[in-house]
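Notes for the one structure printed next.
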């Protein structure tokens, strides 16, 4: 579960106040809003990267408001993916596990399992330089998922991808949610993406967060991600 | 809109319509001036400086010969100076890298009150005349706290600082470190903090994120900072002369040798030592260019 209770976030001179939202365990939430409205700030506050000045953030059953990012049990995929240029894809997937002192055998098994799920086995020895947009996105997802997080925070994961790759990653995200049971909060501008993936949609406008229900009666949009996954 | 404004707007539209007519002078083919003077200007301005550099090096090499070179290298004083230069420059480089990495990282990653002031303070060793740095160091170590610190240092290591080898290292460090700090700050500015943020969410402490993500990403900057620090230390003369003295076989480094040989009228030996310094600097630059352009990222 991701739950924000009356959260206020400060980032320099920018501030968001009285933000509340709930995404039940294992469900997929989409956060929409115009550029600069504070979507990324809110996502980073959930990750522990921005200062929460008031309110509570609950992830799973735990109040993580005052916990360090490392202790929150989250996977974070930023918009620019922020892959580590000095590490191979294998090392990316193993990074969080090495930090947790996993033994090499268990670590190798987990990396292979993730590489299989994300279909990146062939690029395990490569460094990020020269990877395609889709491959980079899969690596960033694998790195975020490696230590079994309860919550996955995705900042515009499908932006800057071509149509075909967007389709693939969309399907992959739906598969990840279904197979791993992870609770997802995904930022996007694209209503088609939201229609395709979301079980809960929130719109951040003028510093106010409104839940927006999916309208089943609305005409089916020509989605860049294809048909909605049930 | 007032009626007179409307009339003015209409007149503008009419003028625009007229200007699209093929008879209009505005419709004549556009001719571009030759690029030749621009390139000649670039070539001349760049060429003058490059010519001076190459001419200086060639004049030096023409002034000396293999015999003078061999005689100079055989001199125990010069050999001592070369050895001391290599050792002190390497120590200074290591010390500078530690300090520059910490300072560069702080200045790049954190916002705090007085940051602009601190930034200006860090530039002082760069803008001050080298002699003034030496003099300031000397005055510092003749003050109460300076004398106390030197006494503690002597008690701990058995070496004095002023007019001794540690003084050579400190004088080199004061200047070289400032350049290394600038380089490391620029390096960390170019590395997105986002990578560290991701590392934090993956389970790292700040320290783990720094050592496992940021520092490896900064490897090229480290190499450049080390080169700059080493090269600056090798050429440092003014602060060393004032703070550590120019005593033969004691605090004599290569620039000091050039000065001492000149002062006794042995220009050939001074030029030979200068050539050695040029060769050392060129070797370092070649190594850096080689490693710096190696595509380790792939």
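Can you give the average number of partner chain beta-carbon atoms within 10 Å of each beta-carbon in peptide A:69-79, as a whole number?
4
How far apart, in nm, are the 7 Å Cα→Cβ label points at residue B:35 and residue A:35?
Each label point lies 7 Å from its Cα, and together they span 3.3 nm.
Work out, in µm²/s and without decimals, the Stokes-Einstein translational diffusion coefficient of region A:118-221 at 4 °C, 1.567 mPa s, Rh from Kirkwood over C-alpha pairs.
Estimated diffusion coefficient is 85 µm²/s.
For a footprinting-style exposure proxy, rank B:287, B:48 by other Cβ within 10 Å, fewest first. Intermediate results must be reported in sequence, preceding the final value.
Numbers: B:287 12, B:48 9.
Lowest count first: B:48, B:287.
Residues in region B:130-166 near a label at residue B:80, defined as backbone nitrogen under 17 Å from the 7 Å Cα→Cβ point?
B:160, B:163-166
With a point put 7 Å past each Cα toward its Cβ, work out how far residue A:112 is from residue A:80 in nm, to one decimal.
Output for this residue pair reads 3.6 nm.
Once Rh is set to the Kirkwood radius over Cα pairs, what Stokes-Einstein translational diffusion coefficient, in µm²/s, holds for region B:81-123 at a temperature of 4 °C and a viscosity of 1.567 mPa s?
Stokes-Einstein gives a translational diffusion coefficient of 107 µm²/s.
Helix-only mean residue ellipticity at 222 nm, the protein assembly as shown, DSSP H runs n ≥ 4 weighted -39,500 (n - 2.57), per residue, nearest 500. What is it?
The helix contribution divided over the protein assembly as shown gives -18500 deg cm²/dmol.
What FRET efficiency comes out for the pair residue B:259/residue B:57, r = Cβ-Cβ distance, R0 = 35 Å, nearest 0.05? Write out the running numbers ahead of the final one.
Values: r = 20 Å, r/R0 = 0.56.
Step by step, r from the Cβ atoms, then E = 0.95.
What is the fewest-to-most order of A:175, B:187, B:92, B:157 by other Cβ atoms lying within 10 Å of their Cβ?
Values: A:175 13, B:187 24, B:92 27, B:157 10.
Fewest to most other Cβ atoms nearby, the residues stand as B:157, A:175, B:187, B:92.
Give me log10 I(q)/I(0) at q = 0.07, 0.09, 0.13 Å⁻¹ for the protein assembly as shown, Debye formula, one equal scatterer per alpha-carbon, no solvent.
Summing over Cα pairs of the protein assembly as shown leads to -0.65, -0.87, -1.16.
If R₀ is 51 angstrom, what is the calculated FRET efficiency for the pair residue A:5 and residue B:90, using the beta carbon separation as r and rounding to 0.05?
0.30
Under a crude label model (7 Å from the Cα following the beta-carbon direction), how far is residue B:285 from residue A:63 in nanometres?
Each label point is offset 7 Å from its Cα along the Cβ direction, giving 6.3 nm.
Tally the DSSP beta bridges in the protein assembly as shown and give the antiparallel ones as a percent, rounded to 5.
Numbers: 21 of 39 bridges.
Taking every DSSP beta bridge within the protein assembly as shown, about 55 percent pair in antiparallel fashion.
How big, on average over all directions, is the shadow cast by the Cα convex hull of chain B, in nm²?
Approximately 30.3 nm², given one-decimal rounding.
Test of understanding: ordering A:37, B:204 by Cβ neighbours within 10 Å, fewest first, what list do you get?
On the way: A:37 19, B:204 23.
Ascending Cβ contact count within 10 Å gives the list A:37, B:204.
Each value in this text was obtained by applying a stated rule to the coordinates, not by laboratory testing. What you see is a predicted model, and the numbers here were worked out from it, not measured in a lab. Please note: Cβ atoms are built from the backbone with ideal geometry, for glycine as well, and neighbour counts cover all protein chains shown.
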